[in-house]
Protein chains: 2
Amino acid sequence: MSSSGDSMAQADDKGASGDTSVSRDTGTLGKLMVLLDLVTHADAPLRFTDILALANQPRGTLHRQLGHLVEEGLLEFDAEGRYAPGLRLLDFASRSWARNEFRLIAAPHLAALHRETGETVHLGVLRGSSIIYLDKVEGHQPVRMYSQIGNASPCYCTGVGKAALSVLPLDKIEELLPGLHFNRFTSATHVSAESLLAEIGEIAATGHAFDREEHEAGIRCVAAPIWSDDRSFIGGVSVTGPAYRLSMELLQEWAVPVQMTARKIMDEMRIRLGPRR
Amino acid sequence: MSSSGDSMAQADDKGASGDTSVSRDTGTLGKLMVLLDLVTHADAPLRFTDILALANQPRGTLHRQLGHLVEEGLLEFDAEGRYAPGLRLLDFASRSWARNEFRLIAAPHLAALHRETGETVHLGVLRGSSIIYLDKVEGHQPVRMYSQIGNASPCYCTGVGKAALSVLPLDKIEELLPGLHFNRFTSATHVSAESLLAEIGEIAATGHAFDREEHEAGIRCVAAPIWSDDRSFIGGVSVTGPAYRLSMELLQEWAVPVQMTARKIMDEMRIRLGPRR
DNA sequence: AATTAAGTTCCAAATAATGGAATAATTAGC
DNA sequence: GCTAATTATTCCATTATTTGGAACTTAATT
């Protein structure tokens, strides 16, 4: 289950799922989503009291909320009286994924990049301060789907994330920075806005980003940003592999095909989805 | 994207996502989930007015509800002013899938069954009147994950679904039947409760179910049920392939290894999750 | 059997959702 | 380029739901 060259560790960072600090004004739904987030982000099923401690809400309220989430299939309530993520989420997600236009457009280009490099290719989009991985092309062994696809990872320590930030308008970056919780995954992880911003400047100049074992030790990658003209949509494509096989020199060479792949995807998006957005 | 031997057509049946008729008492959440269902089950992004017609709710109400869903990332609002499933659903789902204990226990057994038969192996669970596919082991080509995993298909026309029904207590079947909308996918699809119940009786006797091109023309499968002692959990495992390669005689032979696989998974569940449930 | 902890139910007060109509923004027709 | 039609958004008094504290029930522990 482990072993495979893969830069996407579980997103255990607090800021991973976007805006944790800023509470949205979505009324009842917002409160329920916080709960759903809490349970799905835990690494084991939670008992009522565990959730009570984490959510600091009155018992009665929490009880009803969890009951509603369970009744809707968003959470499961197991025989041991613990709450776990529900399977209805899978049904929703499969439709979201199957119909995603960006992914459909990118798929053949990802396959071509994989053939060219022989290493794992990823496609991701920026959502809040997280990168959500939309697709993955791997050589050997059937993909353990869902193991990575759909995962939200922080933007400040992934190739795709930093590439995405490099095309994000400055005001949007400013908005985003205070919400980031820099989590030192490895010794190379950015832990300050200053060092991150400095690198983003370089990335904007060269058009490609490296992950120098910043998220997971022994894993490197090279990525290029993908964006719509008005920057309302931002993502990226990357080639990832183990450091022993991918020297920084090799990654530097691959920057060209990765950027070309990004360009081809952008060109096709303009044709298929119209130029404005 | 098509071609591969695969019995899981998109679940375009009205009853596919469970209890459409029975409105749950989940307050505000329930109303929002109906909307989310509506948008994710459509086969293209919907405009405000489209949803207005489908949801029959007052304009103001609908507008706010959609706004909340978008703000939470459960829906996306594109540049053309249309609503589509949101990517946050993927993040939720990836955690639901990665942590699902049933899937984790079954995985090695599915792989073994695949090696033995050389055909596609599926794992599914019963949720309401739908089968949600949890895993898939395929020979060639990396899995297009999410293309099938997570899909909800009707129980009355899939091997896993009928196998699951064969171990469902009679009172639960009675509850479920009136909510079924029999959709004739092929000439072999069950279109009445009577014929379905008759077959379920046979399946209960033999311990395995066949899909004789009932969901998709040219696709056959053999399946066996998987259940917890108290029947609170019900699912199934199947081997699926194209009819030209899988004669009914061959499927009959495979019934044995499929049932053995189901048994092994159940045995391990009893050990790992305790015998009661 | 008594004690403690965990989980569930209840209901008046606080809060959020509803729905109808008015307004604003697009799009299509001339 | 203007007008009419369609489509989308905002507003706010009314209505319904959620909230939160406490009382109650059930299960686990000594």
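Counting only helices (runs of 4 or more DSSP H) that sit wholly inside region A:20-100, those with at least 3 residues that are away from DNA strand D (no atom under 12 Å from the Cβ) and at the interface with chain B (Cβ under 9 Å from one of its Cβ atoms) are A:27-41, A:88-99. The criterion of being open to solvent by less than 30 Å² (accessible area, probe 1.4 Å) and either among the polar types (S, T, N, Q) or out of contact with any helix residue (DSSP H, G or I) (no Cβ under 9 Å at 6 or more places or on another chain) (or both) holds for B:THR186. Taken across region A:239-253, residues that are touching a Pro at 6+ places or on another chain (Cβ under 9 Å) and more than 24 Å from A:ARG115 (Cα to Cα) do not occur at all. Restricting to region B:109-123, give me the number of residues that are surrounded by fewer than 19 Cβ atoms within 10 Å (Cβ to Cβ) and in a helix (DSSP H, G or I). Selection size over region B:109-123: 4.
Annotation: B:GLU138 fulfils all but one of (1) away from DNA strand C (no atom under 16 Å from the Cβ); (2) at pLDDT 90 or above; the unmet one is (2). Every condition in (1) surrounded by 16 or more Cβ atoms within 10 Å (Cβ to Cβ); (2) touching a strand residue (DSSP E or B) at 6+ places or on another chain (Cβ under 8 Å) holds for A:MET248 except the one numbered (1).
For region A:41-69, the set of residues classified as closer than 16 Å to A:LYS31 by Cα and more than 10 Å from DNA strand C (Cβ to nearest atom) consists of A:HIS41, A:LEU54, A:ALA55, A:ASN56, A:GLN57, A:GLN65, A:HIS68, A:LEU69, listed by residue number. For first residues located in region A:208-229 and among the aromatic types (Phe, Trp, Tyr), partners that are in a loop (DSSP other than H, G, I, E, B) and open to solvent by 10 Å² or more (accessible area, probe 1.4 Å) and lie 6+ apart or on another chain with Cβ distances below 8 Å form the pairs A:TRP227/A:VAL167; A:TRP227/A:PHE233.
Does B:SER228 satisfy being farther than 20 Å from B:VAL137 by Cα, open to solvent by less than 10 Å² (accessible area, probe 1.4 Å) and among the polar types (S, T, N, Q)?
Considered against the rule, which asks whether it is farther than 20 Å from B:VAL137 by Cα, open to solvent by less than 10 Å² (accessible area, probe 1.4 Å) and among the polar types (S, T, N, Q), B:SER228 comes out as yes.
Checked against the criterion of being assigned by TED's automatic domain parsing to the domain that holds A:ILE149 and aliphatic (A, V, I, L, M), the candidates A:ALA84, A:ALA42, A:ALA98 yield just one match: A:ALA98. Of the listed requirements (1) under 17 Å from B:ARG88 (Cβ atoms); (2) within 15 Å of DNA strand C (Cβ to nearest atom); (3) open to solvent by 10 Å² or more (accessible area, probe 1.4 Å); (4) at pLDDT 85 or above, A:GLY73 misses just one: (2). Per the listing A:THR261, A:THR206, the residue uniquely surrounded by fewer than 21 Cβ atoms within 10 Å (Cβ to Cβ) and not aliphatic (A, V, I, L, M) is A:THR206.
Let's see how each residue does on (1) surrounded by fewer than 24 Cβ atoms within 10 Å (Cβ to Cβ); (2) closer than 30 Å to A:LEU246 by Cα:
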residue	(1), (2)
A:GLU80	yes, no
A:ALA98	yes, no
A:ALA107	yes, yes
A:THR158	no, yes
A:GLY161	no, yes
A:PRO178	yes, no
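Only one of the numbered conditions (1) outside any strand (DSSP E or B); (2) of a type in the set (A, V, I, L, M, F, W, C); (3) farther than 30 Å from A:ILE131 by Cα is not met by B:LEU126, and that is (1).
The values are calculated or read from the model by the stated rules, or taken from the named source; none is laboratory data. Note that this is a predicted model, so its numbers are computed, not measured. Positions of Cβ are generated from backbone atoms using ideal geometry, with glycine treated the same way; all protein chains shown enter the neighbour counts. Heads up: the accessible areas ignore ligands, DNA and RNA and are worked out on the full protein's heavy atoms, side chains in. Shrake-Rupley method; radii C 1.70, N 1.55, O 1.52, S 1.80 Å.
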